[in-house]
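The next block holds one structure in the form of structure tokens; read it before the comments.
Only the coordinates and a few stated rules stand behind these numbers; no lab work does. What you see is a predicted model; the values in this text were computed from it and never measured. Cβ sites come from the backbone with ideal geometry, for glycine too, and all protein chains shown count toward neighbours.
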Amino acid sequence: MTTAPPDSAPPPDRLPPDGPGDSPDALADASAGGRPRRGIQSVEVGGQLLTALASQGGPMALKDLAAEAGMPPGKAHPYLVSFGRIGLVTQDAATGRYLLGPLALQLGLISLQQSDPVHVASQALAPLAQEIGQTVAIAVWGTRGATIVRVEPSPAAVHVNMRHGTVFSLADTASGRLFGAYLDPRTVEAMLETERRRGHARTPRDAGAPGMPAPRPWPTWKEFSAQLDEVRRQGMSRSEGEVVGGINAMAAPVFDGSGRIVLALVAIGPVGTFSTAWDGPVARALKMCAAEVSLRLGASAGR
């Protein structure tokens, strides 16, 4: 436990601006002086059609595309003609359906190349810590397992610390099981066997103290696979006093545009203030934040 001065500042948006004065959602939100910035309304209206195409993920008929964008077909058609001329959309000659064009593909690829997962996720840590009142961190998969690379302490006066470079056990921690659920099973099974050979303790560090649980047997691959199935069903993982007695943790996955897990958002805190309920406030905030970061890295909605 660590004592830290309380922070009374109001929580900011979870994902902060990409640049000075720029909202990640719209440059027209506000200028430095607080006044709305001028935008081009027709561009924003046409953008609804592009958003609808991207959300659908496949070719769409004009009627369906217009309905998804919330406008009549007669209004949507001129936008699609212009978008077609510059390559943002294309029309299938056989079916007449619309889909994203070559320029949209190029823009998407360049955006993915410019997106560093840790950098993007780091922007979300401070707002997330403020929102849930717990210490949060980013973990990536390294050669020895799930490794902490960024930490944002809790704003609460009493909180749990994590250190950069800490490597978490595959079998005993929320972060380890999360990566285990989404990585190649062959990689995971090999790591489980490596940890077994190293003889990692599967009990809290203060095991043996009065009231602490007795050592548990190491899981077989079949038993561990069942735990990973639960992680995938819930879309996140949790740990209740497994590493240190009285300390809980939860972790949510962040995916890139190919659907590959690139990092985990981790929250950790004392059992008295940290609920590990799958539908609790920590779980909801953690999953929502991970989903937002995933979207910024090109993952499809709902991944």
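Mind checking which lysines have their C-alpha under 17 Å from residue 75, skipping anything on the same chain fewer than 8 residues away? The reachable lysines, counting only those whose Cα sits under 17 Å from residue 75, are 63. Applying a DSSP loop filter and a limit of 10 other Cβ atoms within 10 Å to the trypsin sites (Lys or Arg not before Pro) in region 130-182 leaves 163.
Separation of region 54-107 from region 123-198 is 42 Å, based on Cα centroids. You can think of it this way: the chain between residue 42 and residue 198 has 49.9 nm of extra reach, that is 0.36 nm per residue less the Cα-Cα gap.
All other residues whose Cβ lies under 15 angstrom from that of residue 165 are scored, Lys and Arg at +1 and Asp and Glu at -1, for a net of +3.
Here is the result for region 212-303: no chymotrypsin sites (Phe, Trp or Tyr not before Pro) lie in DSSP coil with at most 10 other C-beta atoms within 10 angstrom of their C-beta.
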